[in-house]
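This report concerns only the one structure given below.
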Amino acid sequence: MADPAPITLYNTRSRKVEPLQPLRPGKVSLYCCGPTVYNYPHIGNMRTYLFEDFLVRTLRRAGYEVEHVMNITDVGHLASDADEGEDKMLLAARREGKKSEELASYYTDVFFRDSEALGIARPTVVCKATEHVSQMIQLIQRLEERGFAYESGGNVYFDVAKFERYGDLAKLDMENLQAGARIDVDSEKKNPFDFALWFTKSKFENQELQWDSPWGRGYPGWHIECSAMAMEYLGETFDIHCGGIDHIPVHHTNEIAQSECASGKTFANVWMHGGFLVMVGDKMSKSSGNFLTVSSIEEKGYDPIAYRLLCLGGTYRNELRWSWEALEAAQNSLRNIKEAVLKLKDALTPEQIAGLGEITLSEQAAGYNSAFEDAVFNDLRMPAALAVLHETLQDDGLSSSEKLHLLYSFDEVLGLGVAQWEREQVDIPESVIELARQRDKARAERDWARADALRDEILQAGFVVADAASGFELKKADN
Ligand code: AMP
Ligand code: ZN
């Protein structure tokens with residue numbers, strides 16, 4: 001097999017765009033923080049999973065084998081990303097009067113349904129926090145042995161003062177950060193930035209999910225979950241770690257601290273973060289309960305893939321502003337791309353379509369391929385990649401086979417579902433066909449008023465009539 005294509009990615013740790021240098025040639029190990037399954041994922045959360053999907057597809061398109069691990073947080077994520085508040089799963093279980101396992105399994109299913117609707121490829125490994133508690137306990141023990149953890153008031157904390165590079169990822173200015181700046185500082189901590197590795201029931205009574213541990217019955221902190229599962233599946237050092245930008249100052253900072261202190265090695269070589277989806281004047285927040293989901297956009301008649309296209313229209317590191325108008329524009333753009341692709345499919349025989357992979361591209365077509373790769377292989381510049389797609393469709397110098405070949409190939413990264421697009425097979429009632437025939441006749445007789453009236457009657461029946469080279473064409477009306 002040929003060597004994979006070179007790729008550059010922005011590394012939050014160095015704040016630079018760097019060439020990717022995987023630990024093992026041709027293979028990329030990737031860990032992505034997964035959902036906390038206590039509520040419906042909102043479209044902001046899904047923007048982060050879409051960005052990670054663009055990354056995975058780009059790496060595969062470049063020729064890398066990708067080991068993509070994602071966790072499911074089904075215990076331990078407290079109401080704030082630091083240690084304050086109660087476990088999000090337990091708050092939700094009480095709200096809905098259900099056991100936390102039931103909730104976790106319901107919301108995990110919703111997450112994967114929404115992911116599929118958005119064209120997100122399933123990770124190669126999906127791992128649940130509740131099934132990896134023994135690995136978390138072992139990791140905490142290693143930290144204790146190496147002097148990075150202390151017990152206080154029944155809980156075990158990570159001692160940030162012992163790790164000189166604490167806060168490097170977020171470029172935290174530890175000296176100037178006010179000790180009491182965070183609300184509700186746990187008085188058991190030596191330093192307000194210390195974070196819990198293990199909670200016992202001394203923190204919360206009636207905790208539903210508990211495990212035995214050397215420190216008493218209790219449950220793990222949220223950050224330790226990701227470190228333990230990433231190491232379990234990818235080793236102590238791996239290539240790329242991803243998440244949303246909000247994870248830089250707390251969650252990922254703490255993952256680095258505890259992982260690197262336990263192993264003495266670099267945890268992840270590249271850290272990548274997706275920018276937020278923002279609502280004008282409002283924060284999209286899962287815990288406030290006031291947010292949009294994939295289902296809510298579907299209920300308004302939008303194709304989830306239009307939301308995917310909307311996200312492709314922004315660079316992953318920047319904020320993306322949400323509006324229904326932007327979704328409407330993306331839906332129109334999707335419709336145009338689809339129509340252009342269907343026309344290309346109409347122009348080719350099924351044999352030609354099946355053989356598209358084998359065609360030799362003209363120099364011009366190869367140029368579009370290079371331009372597309374140049375965009376995506378250099379830090380996932382998706383808006384530039386979309387521009388290449390539109391130019392390809394508009395170029396009259398390319399043959400239909402070349403265009404469709406290019407569209408299929410671009411779609412390995414874009415994931416719009418081009419290969420599955422077919423003309424809708426709708427059963428058109430004979431009465432509607434008869435109306436269309438009469439309209440044709442009226443037009444031939446230049447009776448425009450009657451032709452228009454018949455078109456309206458056809459629309460009333462739920463169909464749109466258009467003129468075509470061979471008479472007329474009937475399509476189902478868009479509601
Ligand atoms: P959670 O389920 O709350 O742990 O969040 C899942 C993922 O969504 C994390 O990687 C977050 O960083 C990310 N996230 C949360 N809110 C947003 C948002 N408004 N836009 C983009 N990503 C977000
Ligand atoms: Zn994580």
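The values are calculated or read from the model by the stated rules, or taken from the named source; none is laboratory data. Predicted model only: the values in this text are computed from it and were never measured. In this analysis, Cβ positions are derived from the backbone assuming ideal geometry, glycine residues included, and neighbour counts consider all displayed protein chains. Heads up: the accessible areas ignore ligands, DNA and RNA and are worked out on the full protein's heavy atoms, side chains in. Shrake-Rupley method; radii C 1.70, N 1.55, O 1.52, S 1.80 Å.
List of remarks:
- Meets criteria (open to solvent by 30 Å² or more (accessible area, probe 1.4 Å), away from ligand 1 (no atom under 16 Å from the Cβ) and at pLDDT below 95) for R24: no
- Annotation: of all residues in the range 441-465 being open to solvent by less than 50 Å² (accessible area, probe 1.4 Å) and in contact with a strand residue (DSSP E or B) (Cβ under 6 Å, 6 or more places away or on another chain), the one that is modelled with the lowest pLDDT is V465.
- Residue pairs meeting the criteria (Cβ under 7 Å; at least 6 apart or on separate chains; first free of Cβ contacts under 8 Å to residues at least 24 places away in the same chain, in the range 206-228; second open to solvent by 40 Å² or more (accessible area, probe 1.4 Å) and within 16 Å of ligand 1 (Cβ to nearest atom)): none
- Among the candidates C242, C226, residue that is closer than 30 Å to L143 by Cβ, outside any helix (DSSP H, G or I), within 11 Å of ligand 1 (Cβ to nearest atom) and modelled with pLDDT of 95 or more: C242
- Only listed residue being modelled with pLDDT of 95 or more, among the acidic types (D, E) and open to solvent by 10 Å² or more (accessible area, probe 1.4 Å), chosen from E255, E299, E260: E260
- Some residue of the range 162-178 being of a type in the set (G, A, S), modelled with pLDDT under 95 and at positive phi: yes
- Every pair of residues 6+ apart whose Cβ atoms lie under 7 Å, when the first sits in the range 304-332 and is free of Cβ contacts under 8 Å to residues at least 60 places away in the same chain while the second is of a type in the set (D, E, K, R): Q331/D303
- Within the range 229-239, tally of residues that are open to solvent by 30 Å² or more (accessible area, probe 1.4 Å) and either within 16 Å of ligand 1 (Cβ to nearest atom) or over 22 Å from the mean Cα position of the chain (by Cα) (or both): 3
- Being at pLDDT below 95, surrounded by 24 or more Cβ atoms within 10 Å (Cβ to Cβ) and assigned by TED's automatic domain parsing to the domain that holds H241 is a description that applies to T36.
- Considering only residues in the range 302-319 that are part of a loop (DSSP other than H, G, I, E, B) and not basic (K, R), the one that is surrounded by the most Cβ atoms within 10 Å (Cβ to Cβ) turns out to be Y316.
- Hits in the range 302-327 (condition: of a type in the set (S, T, Y), more than 20 Å from L416 (Cα to Cα) and either at pLDDT 95 or above or in contact with a Pro (Cβ under 6 Å, 6 or more places away or on another chain) (or both)): none
- For the range 358-370, the condition of being under 25 Å from A306 (Cβ atoms) and part of a helix (DSSP H, G or I) holds for at least one residue.
- Cross-chain or 6+ apart pairs with Cβ under 8 Å, the range 348-372 first and hydroxyl-bearing (S, T, Y), then modelled with pLDDT of 95 or more and open to solvent by less than 40 Å² (accessible area, probe 1.4 Å): S362/L398; S362/E402; Y368/V388; Y368/T392; Y368/D395; Y368/L398; Y368/L406
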